[in-house]
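> Quick one: the structure is below, and I'll ask about it shortly.
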Amino acid sequence: MKIVDQVLNGDKRATAKLISMIEDDERGASEALAAIFPHTGRAHTVGFTGPPGVGKSSLINRLVREFRERGKRIGVVAVDPTSPFTGGAVLGDRIRMADTGTDPGVFIRSMATRGHSGGLALATFDAVKVLDAFGMDLVFVETVGAGQSEVEIASRAHTTVVVQQPQSGDSVQALKAGILEIGDIHVVNKADLGGADAMVSNLDFMLEERMGWRPPVLQTSALEGKGIKELADAIVKHYRYLKAGPMWRRREADRARKELYESMRRLLAETFSEDAAGETLEGEVAAIVSRKTDPRTAAKKLLRDLKLGR
Amino acid sequence: MAKKIRVLIAKPGLDGHDRGAKVVARALRDAGMEVIYTGLRQSPEDIVEAAIQEDVDAIGLSSLSGAHMALFPDVVKLLKKRGAGDIVVVGGGIIPDEDVAKLKRAGVRAVFGPGTPLAEIVEYFRSSGT
């Protein structure tokens with residue numbers, strides 16, 4: 001495909017267009033994704049999650065500069081919420097990433113969730129693949145400001161950075177399950193506000209070594225540019241840890257499994273939304289309503305009859 | 001999934017008055033569009049780079065500093081240079097009547113001055129994005 005060749009040749013416009021094609025689920029998107037897939041798997045994917053307003057975008061802005069100085073090419077996919085009422089969105093993460101300007105080694109894409117839950121958009125990690133094929137060494141993914149249970153990023157990224165700020169909870173808050181368990185690296189940003197030491201020790205108390213990696217807790221100030229080198233070093237260190245042992249392959253397999261299930265689910269949904277299958281479906285719906293069958297039995301029957309994988 | 005209209009709202013140049021840009025961004029959001037807001041003090045180069053990476057259908061430029069005659073046509077020119085002349089450029093802000101025709105000749109498709117009903121602006125972006 002022409003657009004795929006253009007992406008592989010470093011064409012920014014084509015890369016942006018391909019991401020839109022995937023987001024809008026346009027004709028040709030699946031074929032294009034299939035064609036770029038052999039060219040992916042090189043980039044180190046780093047997810048950033050944490051509550052809204054803790055400075056994820058500003059931190060990424062600083063990290064992009066830091067990794068650019070180290071000669072790396074960086075892609076960023078920044079996700080913001082879509083309005084459930086109007087379907088519209090204001091995507092503002094780019095404002096905090098303005099230092100990047102026209103640097104040819106950086107590609108930033110803002111993305112709206114479009115109804116997908118879990119802090120990501122459906123197309124987020126397909127966009128990551130496009131940026132990987134485009135030749136980026138690292139791809140940063142910024143989730144929507146996540147609460148306590150938006151943990152999808154951890155099963156998708158190689159490295160997950162959980163960002164918090166000082167004075168956002170005591171040691172019991174740190175005990176709670178969820179977002180704290182997914183961090184490979186923990187960051188207390190806005191250290192310039194004070195109170196960061198207490199926050200760091202509360203978090204540090206909760207964390208222990210798992211499979212040879214002990215999540216570090218770092219202090220940063222994106223505002224003042226402090227702690228950025230140390231955070232970049234921790235990201236590189238985690239990458240080396242993943243690559244040195246079985247973990248890189250294991251995370252790739254986790255992601256592949258998830259994407260496989262997801263693709264099957266989507267194909268199934270699409271098959272049923274087609275007219276012919278829709279009629280069969282409606283037949284079963286009527287049978288369920290009149291109590292001739294039950295939903296589970298009907299589902300099994302439909303799956304048996306389906307000619308999938310055309 | 002239907003194609004979403006994506007719009008970049010940007011403030012080129014040095015003025016810090018972004019109320020109007022934000023009001024327009026909000027109206028477009030409420031009309032179901034995806035609006036990328038890039039904030040203050042952007043150079044034409046920054047704006048064009050962002051528009052290409054974000055694959056927007058249109059760019060809305062807001063200027064209240066009087067520098068629109070330099071900045072708006074620059075954005076149009078740079079887009080053409082990058083092979084992205086199909087992206088629609090419109091302007092808003094404090095723009096004297098005598099400048100409107102000149103801007104349009106320079107490739108700025110529409111200019112919305114103070115008092116323009118938001119519905120008119122929304123409709124313009126909607127028709128340019130489809």
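The values are calculated or read from the model by the stated rules, or taken from the named source; none is laboratory data. Bear in mind that the values here come from a model prediction, so they are computed numbers and not experimental data. Heads up, the Cβs are rebuilt from the backbone with ideal geometry, glycines too, and the neighbour counts pull from every protein chain shown.
> Of the residues A:L267, A:L223, which single one is in contact (Cβ under 8 Å) with a residue 24 or more places away in the chain and closer than 28 Å to A:L306 by Cα? Talk me through it step by step, then tell me what you get.
On the way: A:L223 fails: closer than 28 Å to A:L306 by Cα.
From the options A:L267, A:L223, the qualifying one is A:L267.
> Also, quick follow-up: Within the stretch B:75-130, work out how many residues are touching a strand residue (DSSP E or B) at 6+ places or on another chain (Cβ under 9 Å) and on the phi < 0 side of the Ramachandran plot. Give the steps one after another, and end with the answer.
We begin by selecting, within the stretch B:75-130, every residue touching a strand residue (DSSP E or B) at 6+ places or on another chain (Cβ under 9 Å); these are B:75-76, B:79, B:87-95, B:99-100, B:103-104, B:107-114, B:116, B:120-121, B:124-125, B:128-129.
So of that shortlist, the ones also on the phi < 0 side of the Ramachandran plot come out as B:75-76, B:79, B:87-92, B:94-95, B:99-100, B:103-104, B:108-114, B:116, B:120-121, B:124-125, B:128-129.
Within the stretch B:75-130, residues that are touching a strand residue (DSSP E or B) at 6+ places or on another chain (Cβ under 9 Å) and on the phi < 0 side of the Ramachandran plot number 29.
> Residues that are under 21 Å from A:L138 (Cα atoms), part of a helix (DSSP H, G or I) and modelled with pLDDT of 90 or more: does the stretch A:260-273 have at least one? Write out each step before concluding.
The first filter runs over the stretch A:260-273 and keeps only residues under 21 Å from A:L138 (Cα atoms), leaving none.
No, there is no match, as no residue in the stretch A:260-273 is under 21 Å from A:L138 (Cα atoms), part of a helix (DSSP H, G or I) and modelled with pLDDT of 90 or more.
> Report whether or not B:A10 is crowded, with 18+ Cβ neighbours inside 10 Å and more than 13 Å from chain A (Cβ to nearest Cβ).
On the way: crowded, with 18+ Cβ neighbours inside 10 Å: yes; more than 13 Å from chain A (Cβ to nearest Cβ): no.
For B:A10, the condition - crowded, with 18+ Cβ neighbours inside 10 Å and more than 13 Å from chain A (Cβ to nearest Cβ) - is not met.
> Go through (1) at pLDDT 95 or above; (2) assigned to a helix (DSSP H, G or I) one by one and return the number of the condition A:R109 breaks.
Only one criterion in (1) at pLDDT 95 or above; (2) assigned to a helix (DSSP H, G or I) is unmet by A:R109, namely (2).
> Say we look at the stretch B:33-46 and pick out the residues that are modelled with pLDDT under 95 and part of a loop (DSSP other than H, G, I, E, B); which of these is nearest to the other protein chains (Cβ to nearest Cβ)?
B:G39
> Would you check if A:V4 is away from chain B (no Cβ under 13 Å), surrounded by fewer than 22 Cβ atoms within 10 Å (Cβ to Cβ) and either of a type outside the set (F, W, Y) or not in a helix (DSSP H, G or I) (or both)?
On the way: away from chain B (no Cβ under 13 Å): yes; surrounded by fewer than 22 Cβ atoms within 10 Å (Cβ to Cβ): yes; either of a type outside the set (F, W, Y) or not in a helix (DSSP H, G or I) (or both): yes.
Taking the combined requirement at face value, the residue satisfies it.
> Of the conditions (1) in contact with a strand residue (DSSP E or B) (Cβ under 9 Å, 6 or more places away or on another chain); (2) closer than 14 Å to A:I60 by Cα; (3) of a type in the set (G, A, S), A:G183 clears all except one; give me its number.
Result: A:G183 passes all but (2).
> Continuing with this model, one more query. Checking the structure you have, find out if any residue of the stretch A:8-23 is buried (at least 22 other Cβ atoms within 10 Å of the Cβ), more than 14 Å from every other protein chain (Cβ to nearest Cβ), out of contact with any helix residue (DSSP H, G or I) (no Cβ under 7 Å at 6 or more places or on another chain) and at pLDDT 90 or above.
Scanning the stretch A:8-23, I find no residue that is buried (at least 22 other Cβ atoms within 10 Å of the Cβ), more than 14 Å from every other protein chain (Cβ to nearest Cβ), out of contact with any helix residue (DSSP H, G or I) (no Cβ under 7 Å at 6 or more places or on another chain) and at pLDDT 90 or above, so the answer is no.
> So which residues in the stretch A:62-94 are of a type outside the set (G, A, S), more than 12 Å from chain B (Cβ to nearest Cβ) and not in a strand (DSSP E or B)?
Residues satisfying the conditions are A:R62, A:L63, A:V64, A:R65, A:E66, A:F67, A:R68, A:E69, A:R70, A:K72, A:R73.
> Is it fair to say A:A35 is within 14 Å of another protein chain (Cβ to nearest Cβ) and not in a strand (DSSP E or B)? I'd like the intermediate steps shown before the answer.
Numbers: within 14 Å of another protein chain (Cβ to nearest Cβ): no; not in a strand (DSSP E or B): yes.
No.
> Still on this model: Report, by residue number, each residue of the stretch B:15-32 that is within 7 Å of chain A (Cβ to nearest Cβ) and in a loop (DSSP other than H, G, I, E, B).
Scanning the stretch B:15-32 gives B:A31, B:G32.
> Could you check the stretch B:57-130 for helices (runs of 4 or more DSSP H) lying wholly inside it with 2 or more residues that are within 14 Å of chain A (Cβ to nearest Cβ)? Give the steps one after another, and end with the answer.
Working: elements: B:68-81, B:97-105, B:118-128.
Passing ranges, in order: B:68-81, B:118-128.
> Can you tell which of A:V54, A:V46 is at pLDDT 95 or above, in contact with a strand residue (DSSP E or B) (Cβ under 7 Å, 6 or more places away or on another chain) and not aromatic (F, W, Y)?
Details: A:V54 fails: at pLDDT 95 or above.
When all the criteria are applied, what remains is A:V46.
> Same structure again: Only residues that are among the β-branched types (V, I, T) and either surrounded by 20 or more Cβ atoms within 10 Å (Cβ to Cβ) or part of a loop (DSSP other than H, G, I, E, B) (or both): list them for the stretch A:229-244, please. Show your work before the answer.
First pass over the stretch A:229-244, keeping only residues among the β-branched types (V, I, T): A:235-236.
Within the stretch A:229-244, just A:I235 meets the criteria.
> Within the stretch A:214-224, does at least one residue satisfy the condition of being surrounded by 14 or more Cβ atoms within 10 Å (Cβ to Cβ) and part of a helix (DSSP H, G or I)? Before you say what the answer is, go through the steps one by one.
So the first thing to find is which residues in the stretch A:214-224 are surrounded by 14 or more Cβ atoms within 10 Å (Cβ to Cβ), and the list is A:215-223.
Next cut, part of a helix (DSSP H, G or I) only: none.
Checked the stretch A:214-224: no residue is surrounded by 14 or more Cβ atoms within 10 Å (Cβ to Cβ) and part of a helix (DSSP H, G or I).
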